[in-house]
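Below is one structure; the comments refer to it alone.
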Amino acid sequence: MSHRLKSQDDPRLDAARKRLRESVGQADTLEAIREIIGNLLGCEEIGLFTVGQANEPRSSGLLWSFGIDPQEHKTLAAFDRSALERALQGEIHVTTVAGDGHDHQGNQAVRAFIPIRRHDRIVAVLVMVRLLPQKLGLDEADINLVNLLSDEAGRLLFDGIANDHA
Amino acid sequence: MPAKKILLVDDSQTALIVARSILEKRTSYQCVTASDGLEAVTKANDEHPDLVLMDVVMPRMNGFEACKKMREQATTRETPIVLLTTRGEENYMEAGFQSGCNDYLTKPINGEELVRLLQSYLGEE
């Protein structure tokens, strides 16, 4: 499922935009991303993977994570390849994955792959590894927030950082 | 009659902005803010809010500890406290109620749910 929907009046979007644009430096931008995803989108398991020029999952590397084991998520290769390919082509992709016991009920979990753009190139993929159990999907307003991250986080994260990071 | 006052407590400025925006847009409640539990205990004592809406995971003093402190203060002993957390597990909620909170909401905030809950304590304005 790919998404790109119109913006709408949503206080969360204004707050997220303000927080992102006022972030100073990469560390603060990462904290802004964590705040937006944790507080507004309902996900506490996040990985940000940079993508090399080859634009291929195996050439990716985990830049930053929250709530996941970095050793188990060193590259994007651990994730569903077709979902990743769509993300690497610039599509926000939301999928469900089989429950793995973390939610105590074995329910399906929602996972989202968000392409991070910088100067019209996909430089990273942000993976919301599993939404909280009470969050059953991403609605239109959520997708507007995700689009904001997709469009703006790359510049804030990587401008001024050496090219080997992005 | 003066507007009902809500003390919003969260270490995330993003979360504070969102909660304030929702309440200012949909209600006439007045909002004051604090960015951790320690500040919240002091502010609750000084500001006499009609309700406290407080995050759980915060630096310096978390929401449970702040809730307990507020229950020890005469000025805030009876003030309704609603805790906000991203964790929906039952045992987590139990700890919240043991600390003295009245109610519990899980993040991400749903605007309608939030307003409905606050109105159930404060009435519609």
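Here are a few things to note about the model shown:
- Local electrostatic count, B:C31, Cβ distance below 9 Å [Lys/Arg +1, Asp/Glu -1]: +1
- Spread over its residues, the convex hull of the C-alpha atoms of region A:11-159 is 99 Å³ per residue.
- Relative contact order (%) - region B:5-122, alpha-carbon pairs under 8 angstrom, separation at least six: 24 percent
- Rg over Rh, two decimals, the protein assembly as shown (C-alpha only, Kirkwood Rh): 1.00
- Couplings 3J(HN,Hα) of region A:70-85, computed from phi: x, 5, 8, 9, 6, 9, 6, 4, 6, 9, 4, 5, 5, 5, 5, 4 Hz, in residue order, whole Hz [Karplus 6.51 cos²θ - 1.76 cosθ + 1.60, θ = phi - 60°; x for Gly and Pro].
- Under-5 Å amide H pairs with B:Y104, H placed in peptide plane, nonlocal only: B:L83
- Set of lysines with alpha-carbon distance to B:K107 below 21 Å, sequence-local pairs under 8 removed: A:K18, A:K135, B:K25
- What the Cα convex hull of region B:19-125 gives, in volume per residue, is 93 Å³.
- Per-residue [θ]222 nm for the protein assembly as shown (sum of -39500 (n - 2.57) over DSSP H runs n ≥ 4, rounded to 500): -11000 deg cm²/dmol
Only the coordinates and a few stated rules stand behind these numbers; no lab work does. Source: prediction; values computed, not measured. Methodologically, a virtual Cβ is constructed for each residue, glycine included, from the backbone with ideal geometry; neighbour enumeration extends over all protein chains shown.
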